[in-house]
Amino acid sequence: MNASEGTRSGWYARRARSAWRDTFCRLRVLVASWLALMALVPNNPLQAGSRTPPPQRLDTVARSSVHLEGDLEYVNGNSGDLDRREQRTRFSVWLSGNLWLVRVTPVPAEDSTVLFRSIEVGTDGTNSYTLTVNNPNYDLKTALQPELRRLDRLIQQTEAGPSRTNLLVTKRHLQGVLNAQRRRPPSVNQALGYIQPGNYPSYRPSGCAALLWFAYCSATFLDQQRDRAAPRLWPPEDPEEAQATNLAAARLLREPEAPWLPTRAWFLHAGTRLTPLPSGMISAPLGPPFNDGYTNAVFEVQSFTNCQQRAYPASFTLTCYSPRGAGLQTGPRFRGEISSVTITPEPVNFIPRLPVTTLVEDKRLAMSGTGPSRQYIAPPGPWLTTTNQALLTGYQRQMLAAMRARAEKRRHAAALLMGVLMMSGLGLLCWNHLYRSRENLT
């Protein structure tokens, strides 16, 4: 073989290696495109459906957190009033970024007039979870007597009109609750649970835990509301008002530095009241001068304490007001004071665990637009996930199965399409390679 033939064979070999290298690179591009397309196929069981739904974040644990402890006093009524009520609770608050947990325990915990033994409210950053452990020594008749006496006194002092009608309706409601309780068999559940979307609690059913959340954990929520609204932190004047909304209009002043907690807040009443009629509830304006609205409650921080160069309220008050005559009378008053602020190095689960059999009201599906709120009995342990078959209704289970079937069809169609494209691409590459080789040989 002469030199020219050797040069020509080497040139052909280099051309063949270059063609195979181009084919391999194009094949890698096709495979990468197929993998990227498969990654875009939905895999959320509540959006498109899948056979292996991801676990819910029902155990949200932080490695370290700020831990605050203190006391909260509640007073309703003036000194010397027969229906004056006082109650003291011990509280603990844990904070870590956007996560928080509030625990409230009455003092004494075994008092027969206190409905609960403890209240815990926590969050996973998306939903809030409230756990109220019942007090087995609670006596409903003893607890309602001060409220019934207060309603009788207000009915005698109020002239005929919408306000007196509301008071009579409230009294009949409480008497009906008391009569129903006498006929009701012992409850199976030992605690009450409440789940609602949103990174905030409400007075119903969290009680005074909502006030502690506002004082120490509300910065992120207030940013979202642009300092114009906040959850209701005190018991409503009318039972119907508690069902109407969880939020109240507010005007706030906040700390200029982290953690940007509220230092003063004015809660505003719209100047209307729900009035029962045979056709249903209607919103009617209050009499002047309250028909244009009034200040319903005032929150104020009185002193601060520091932890890791951040200021937290050391003492605060919440004073509520309601119309009486031509002026405002003082209603329930709260005063909170912390006794210690520390950094907890131990992991903290910011979702309270269910220690006993619990009756749960779950609004996660209702507020997401996929179904009504559900009530169910939950055993001790973790909360149910939104994909649990016991939580879903029959219609929701059918919808979930249909979404999963559609997702599988889309996945198979995408795989088939990519297979056809890959085979077509390989055929074109092989034809191109053979065509160039034939040209080179000629």
Exercise. Just grab the label-to-label distance for His173 and Leu268, each label 7 Å out from Cα along the Cβ direction, in nm (one decimal).
Key: 2.6
Quiz item: What FRET efficiency comes out for the pair Gln308/Gln225, r = Cβ-Cβ distance, R0 = 30 Å, nearest 0.05?
Solution: 0.70
Quiz item: Where does each of Ser340, Ser163 land when they are ranked from fewest to most other beta-carbon atoms within 10 angstrom?
Solution: Ser340, Ser163
Quiz item: How high is the FRET efficiency between Arg411 and Thr158 when r is their beta carbon distance and R₀ equals 60 Å, given to the nearest 0.05?
Solution: 0.35
Self-check item: Residue-by-residue Karplus 3J(HN,Hα) for the stretch 86-101, coefficients 6.51, -1.76, 1.60, Hz, glycine and proline x
Solution: 10, 8, 10, 10, 9, 10, 9, 10, 10, 10, 7, x, 8, 9, 7, 8
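Read the figures in this text as sums done on the coordinates, not as results from a lab. Predicted model, so just to flag it, every value in this text is computed and none were measured. For neighbour counting, all protein chains shown are included, and Cβ atoms are generated from backbone atoms with ideal geometry for every residue, glycine included.
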